[in-house]
Amino acid sequence: MPCASIILCGKKPDPATIAALHQEMATIIERDLEATKALIAVRIVHDEPGTWSVAGKPPDAAVEGTGAYIDIHVAEDAVDEARMAATMKAIQECTTTLLGKNVLPPYVVFTRVPIAAWGFKGKSIQQIRAAMAA
């Protein structure tokens, strides 16, 4: 049940591009992380210019691109390093294709969540797995 949070900065994409980014992210996560598409959550927000910086400097306002910071939460035991690397590469290619030149270094971060700390429909993943095994 991966959850992807995408924070965009710089030029705000149009609604069609945001819709395409939702679809592509779900497809990449389904394919590369072998996740069930119906359980993949993707959230995309746009920060106003000036809210981001790298090394204490905001992106060059003259650059006509969109930056993306992507944080994907996965169960601690769900994904190996090779799958994460493939997913990172695919996401970088996707964001470059859909959003154009990235005004910041591209960030794709995986956060591994302990299964006892991840809930779905009122139960932890740990509880769900235990019930499925019984």
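The values are calculated or read from the model by the stated rules, or taken from the named source; none is laboratory data. Since this is a predicted model, take the numbers as computed values, not measurements. Neighbour counts run over all protein chains shown; Cβ positions are idealised from the backbone, glycine included. Note: areas computed on protein heavy atoms with side chains; ligands, DNA, RNA excluded. Shrake-Rupley method; radii C 1.70, N 1.55, O 1.52, S 1.80 Å.
Miscellaneous remarks
- Calculated accessible area for the range 33-119 comes out at 57 Å² per residue, all protein chains present (probe 1.4 Å; ligands, DNA, RNA ignored).
- Stretch gain in nm, segment residue 97-residue 20, where the contour uses 0.36 nm per residue and the Cα spacing is subtracted: 26.6 nm
- Cβ-placed point charges (K, R +1; D, E -1), dipole of the range 53-109 about Cα centre in debye, nearest 20: 280 debye
- Between the listed residues 119, 29, 1, the Cα displaced farthest toward the positive end of the dipole of the chain, a dipole computed from Cβ unit charges relative to the Cα centre, is found at 119.
- Theoretical FRET efficiency, 1/(1+(r/R0)^6), r = Cβ-Cβ of residue 127 and residue 81, R0 22 Å, to 0.05: 0.20
- With a Förster radius of 35 Å applied to the beta-carbon distance between residue 30 and residue 55, the computed FRET efficiency rounds to 0.50.
- Given their separation in residues at 0.36 nm each and the Cα-Cα distance between them, residue 109 and residue 38 gain 23.4 nm when the chain is fully extended.
- Solvent-accessible area, 1.4 Å probe, carbon plus sulfur percent, for the chain: 56 percent
- Considering only 57, 11, 121, the Gaussian network model of the chain with Cα springs below 10 Å gives its largest mean-square fluctuation to 121.
- Residue among 54, 70, 133 farthest towards the positive dipole end of the chain, charges placed on Cβ: 133
- Contact order normalised by residue count of the range 46-134, Cα under 8 Å, 6+ apart, percent: 34 percent
- The residues neighbouring residue 23, those whose beta-carbon lies less than 11 Å from its own, together hold a net charge of -1 under the Lys/Arg +1, Asp/Glu -1 convention.
- The range 13-97, dipole about Cα centre (Lys/Arg Cβ +1, Asp/Glu Cβ -1), debye to the nearest 20: 100 debye
- Taking GluC sites (Glu not before Pro) in DSSP loop conformation with at most 13 other Cβ atoms inside 10 Å as exposed sites, the chain has its longest uninterrupted site-free stretch at 65-134.
- Cross-link pairs beyond the 27 Å C-alpha cut-off, checked among 37/121; 11/89; 89/123; 12/121; 37/57: 89/123; 12/121; 37/57
- The modelled label-to-label distance for the pair residue 45/residue 12, using points 7 Å beyond Cα in the direction of Cβ, is 1.5 nm.
- The percentage of C-alpha pairs in the chain whose separation is greater than 26 Å is 29%.
- Accessible area of residue 3 in the full protein assembly, 1.4 Å probe (Å², nearest 10): 50 Å²
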